[in-house]
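As structure tokens, the structure follows; a few thoughts come after it.
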Amino acid sequence: MNIIGPDYLVFGVDDVAACCEYLADFGLKPVDVTEAGGRFETLDGTGIVIRHKSDPSLPAPLPTSNMLRQQVYGVRSSEDLDAIETELSKDRRVNRLADGSIELKDDHGFELKFQVTTRRELDMPAEKINAPGAPAQRKPNELGVWEEMPALPRTLSHVVLFVPDIEIATDFYCRRLGFVVTDILTGAGPFLRPKANDDHHTLFFIRTPDYMKGIEHLAFHMGGPTELMVAGTRFVKKGYQSFWGPGRHKFGSNWFWYFNSPMGCHIEYDADMDKHDDNWVAREAPNGPEASQIVLFELKEKWAPGGPPPGAKH
């Protein structure tokens with residue numbers, strides 16, 4: 001089953017206008033967006049769909065207050081859809097839609113859809129660095145940063161879910177759908193990557209009581225840590241609240257910056273995630289601050305030499 005990762009997520013929200021403004025300010029492109037909501041895309045076409053929670057076209061809500069309605073996964077071919085349908089129809093209803101995609105529920109009741117991926121191939125340079133002892137990546141007079149530099153989300157990276165039973169969740173995605181455990185935070189849950197994606201993870205579980213079941217956060221890959229810092233700083237300047245970061249995780253090695261959102265979950269900019277193949281041996285560490293990040297920074301107002309030190313009382 002050549003599952004690539006999430007193509008888009010569907011939300012049923014309380015305030016459509018606030019969510020639409022938020023996602024546009026975050027850097028996603030509105031596509032066919034009206035007062036009823038619509039789609040917001042990254043540069044490769046993955047993204048988020050927003051509808052009002054009463055919209056009859058939405059899948060049924062979770063029995064919690066969580067606003068996530070559906071996770072839509074992209075696969076490589078129609079043969080992969082056939083394989084998923086054959087496997088999962090053994091013990092649940094699988095609905096085949098007119099466009100060939102299939103819909104079903106996982107073992108925790110999350111609504112899933114699988115489709116031949118609609119994501120577009122990207123052909124863009126990554127962030128370039130110059131370091132002593134290595135060939136320069138930027139040519140003479142080529143700047144590494146400038147005031148108006150582009151910093152837009154390139155693709156939908158990963159999803160983190162609150163689930164009450166880690167074993168049930170892991171068994172479904174690994175044994176039934178071919179995901180692989182890359183690392184484990186003991187007390188929280190495992191990081192998973194699907195077969196057709198070498199990112200450290202596209203899915204992560206956090207063990208919580210049943211009443212919290214839903215999405216904790218979703219993340220978008222940036223072109224590098226500088227883009228992440230620039231995009232996050234611009235977002236803060238627009239008045240949005242930072243939740244965690246900027247910093248860099250240990251498992252996955254990805255840079256991160258999380259923000260609160262009106263969709264009832266956090267949204268993350270991330271950058272520079274590890275890649276893995278089937279030779280990788282999963283690590284395990286106790287969940288906690290030491291395992292969660294190797295560095296964590298605190299956002300401060302800009303400062304210049306000659307003024308009082310940042311944070312000084314005056």
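Bear in mind that the values in this text are calculations on the coordinates, not laboratory data. Keep in mind that what you see is a predicted model, and the values were worked out from it rather than measured. Note that we place each Cβ from the backbone using ideal geometry, even for glycine, and neighbour counts take in every protein chain shown.
Among the chymotrypsin sites (Phe, Trp or Tyr not before Pro) in the stretch 122-220, which ones are in a DSSP loop with at most 16 other Cβ atoms within 10 Å of the Cβ? Mind listing them?
When the chymotrypsin sites (Phe, Trp or Tyr not before Pro) of the stretch 122-220 are filtered for loop state and at most 16 Cβ neighbours within 10 Å, TRP146 remain.
Computed on the Cα atoms alone, the convex hull of the stretch 195-273 gives a volume of 110 cubic angstrom per residue. Going down the list LYS29/LYS238; LYS105/LYS250; LYS139/LYS300, which pairs span over 28 Å between their C-alpha atoms? Where the Cα-Cα span goes over 28 Å, the pairs concerned are LYS105/LYS250; LYS139/LYS300. Contact order, relative form, for the stretch 93-175: 21 percent (alpha carbon pairs under 8 Å, 6 or more residues apart, mean separation divided by residue count). Among the trypsin sites (Lys or Arg not before Pro) within the stretch 101-165, those in coil by DSSP and having at most 16 neighbouring Cβ atoms inside 10 Å are ARG120, LYS128, ARG138.
Give me the percent relative contact order of the chain, please, defined on Cα pairs under 8 angstrom at least 6 residues apart. Relative contact order of the chain: 17 percent.
When the alpha carbon gyration tensor of the stretch 137-183 is reduced to an equivalent ellipsoid, the three semi-axes, largest first, read 42, 14, 9 Å. Shape of the stretch 33-92 from its Cα gyration tensor (a ≥ b ≥ c, root eigenvalues): rounded if a/c is under 1.5, otherwise prolate when a/b > b/c, or oblate? Verdict is oblate for the stretch 33-92. The angle between the Cα long axis of helix 16-26 and the longest principal axis of the Cα atoms of the chain comes to about 50 degrees, rounded to the nearest 10. For the stretch 137-204, GluC sites (Glu not before Pro) are listed when DSSP marks them as loop and at most 11 other Cβ atoms sit within 10 Å of their Cβ; the list is GLU142, GLU147, GLU148.
Counted over the chain, the DSSP beta bridges are approximately 65% antiparallel. The chain gives an Rg/Rh value of 0.97, both radii derived from C-alpha positions and Rh following Kirkwood.
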